[in-house]
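Every number here is computed from the coordinates shown, using simple stated rules; none is lab data. Worth saying up front: this structure is predicted, and the values here are computed from it rather than measured. Note that we place each Cβ from the backbone using ideal geometry, even for glycine, and neighbour counts take in every protein chain shown.
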Amino acid sequence: MNTDTLASLAGIRHVVLDLDGTVYNGGTLFPWTRPFLARLDALGIGFTFLTNNPSKSAAEYLAKLAALGLPATPDRLYTSALALRDFLRAERPELRRLFLLGTAGMRAEFTGSGFAETADDPADRPDAVIAGFDLSLTYGRLCRAAWWVKQGLPYFATNPDFVCPTDAPTVLVDCGSICAAITAATGRAPDRVFGKPDPSMLAGILARHGLRAGEVAMVGDRIYTDIAMAKRAGCLGVLVLSGEATRADAAAAAGTGGAPDLVLENTGALGELLDAAAASHSLPRR
């Protein structure tokens, strides 16, 4: 490893971790995950679990992580729904009444943060339309959302994914596909789509913890979401090969401007490098 990379690793104060393919595979925790997180704690490096999937509330994700034996607290989790919520709070505070296409868990993230959810009623006009990964979607609510979008109301989506990965014999139609139906019906795409690779996912974490981009490593198993977001946000992009991407994928990305800064077998290997970088630079951690 060159000295520039070691210097970059020595300056890392926070690690952002994609979940499936990075921390666990489906419901199975990778054997190196707990030792890696313990090593981060020992080095004084913070970490956040990150997911594009807004179908569960933060509380539901924390319960899943806790069931896997992981240190799960609200300040260590960030989802695409939370990124959109934080954007509305900071950038569009006038948008308080929302027509929400999403699961009960996703809708609770907004209503629990002071937003009002409008009814499926043409007389109950919202300030904005929010589309998410809605496993409870009905035709009537899809039509109502399209109606409000057609009226020109502000319109945002939690994530761009067309399908949600599953090993079940089905196709899980995700937020991107729901938005594609609305676009086909109205001729209008969302004003903004949150979730990876949108850099606001990392911007929210930087703001939450008072960090600079160069102090954060984004770790994930997909080049076109995890690494692309790291590049856009100015953070260190670490690709792990424990999930979707292969070394051939990383090699193909080289020279495109979107290549990862590091390619490693798994987060365990990253822990070893962070340890070595801290020792070689003797930088204080906090």
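Approximating the spin labels as points 7 Å out from Cα along Cα→Cβ, the Ala181-to-Ala104 distance works out to 2.1 nm. Residue-wise HN-Hα couplings along region 150-165, as the Karplus relation 6.51 cos²θ - 1.76 cosθ + 1.60 with θ = phi - 60° gives them from phi, are 5, 7, x, 5, x, 9, 10, 10, 6, 7, x, 4, 7, 9, 9, x Hz; Gly and Pro carry x.
The calculated Kirkwood hydrodynamic radius for region 138-286 is 17.8 Å, given to one decimal from all distinct C-alpha pairs. Taking amide H as placed 1.01 Å from N in the peptide plane, Phe47 has its amide H under 5 Å from the amide H of Val15, each at least 5 places away in sequence or on another chain. Counting only Cα atoms, the size of the chain along its three principal axes is 65, 36, 36 Å, in decreasing order.
Restricting to region 1-127, compute how many DSSP beta bridges are antiparallel as a %, nearest 5. Intermediate results must be reported in sequence, preceding the final value.
Working: 2 of 13 bridges.
Given both bridge residues lie in region 1-127, the antiparallel proportion sits at roughly 15 percent.
Treating the beta-carbon of each Lys and Arg as +1 and of each Asp and Glu as -1, no other charges, what is the dipole magnitude of region 33-184 about its Cα centre, to the nearest 20 debye? Working shown, then result.
Numbers: 15 positive and 16 negative charges, 26 e Å.
Taking the Cα centre of region 33-184 as origin, the dipole is about 120 debye.
Between Ala38 and Ala254, the distance separating the two model label sites (each 7 Å from Cα on the Cα→Cβ line) works out to 3.6 nm. DSSP beta bridges confined to the chain are antiparallel in about 10 percent of cases. The tail of the calculated P(r) for region 93-193 beyond 21 Å holds 28 percent of all Cα-Cα pairs. For region 55-71, putting each phi into the Karplus relation 6.51 cos²θ - 1.76 cosθ + 1.60 with θ = phi - 60° gives couplings of 6, 10, 6, 4, 4, 5, 5, 4, 5, 5, 5, 5, 5, 8, x, 9, x Hz, in residue order, rounded to whole numbers and with x for Gly and Pro. Toward the positive end of the charge dipole of the chain, with +1 on the Cβ of Lys and Arg and -1 on the Cβ of Asp and Glu, the farthest Cα among Cys235, Thr22, Leu82 is that of Leu82.
Over region 1-73, the hull volume per residue, using the convex hull of the C-alpha atoms, is 111 Å³.
Secondary-structure-derived ellipticity at 222 nm for the chain, considering helices only, amounts to -11500 deg cm²/dmol, per-run term -39500 (n - 2.57) for DSSP H runs with n ≥ 4.
Placing unit charges on each Cβ (+1 for Lys and Arg, -1 for Asp and Glu) gives region 93-193 a dipole about its Cα centre, and among Thr111, Ile182, Leu172 the Cα reaching farthest toward its positive end belongs to Ile182.
Each part gets one Cα centre, and for region 213-286 versus region 1-48 those centres are 10 Å apart. Using the Karplus relation 6.51 cos²θ - 1.76 cosθ + 1.60 with θ = phi - 60°, the per-residue 3J(HN,Hα) values for region 265-273 come to 5, 6, 5, x, 5, 5, x, 5, 5 Hz, with x marking Gly and Pro. Compared with the alpha-carbon gap, the fully stretched path from Thr73 to Arg125 is longer by 15.1 nm at 0.36 nm per residue.
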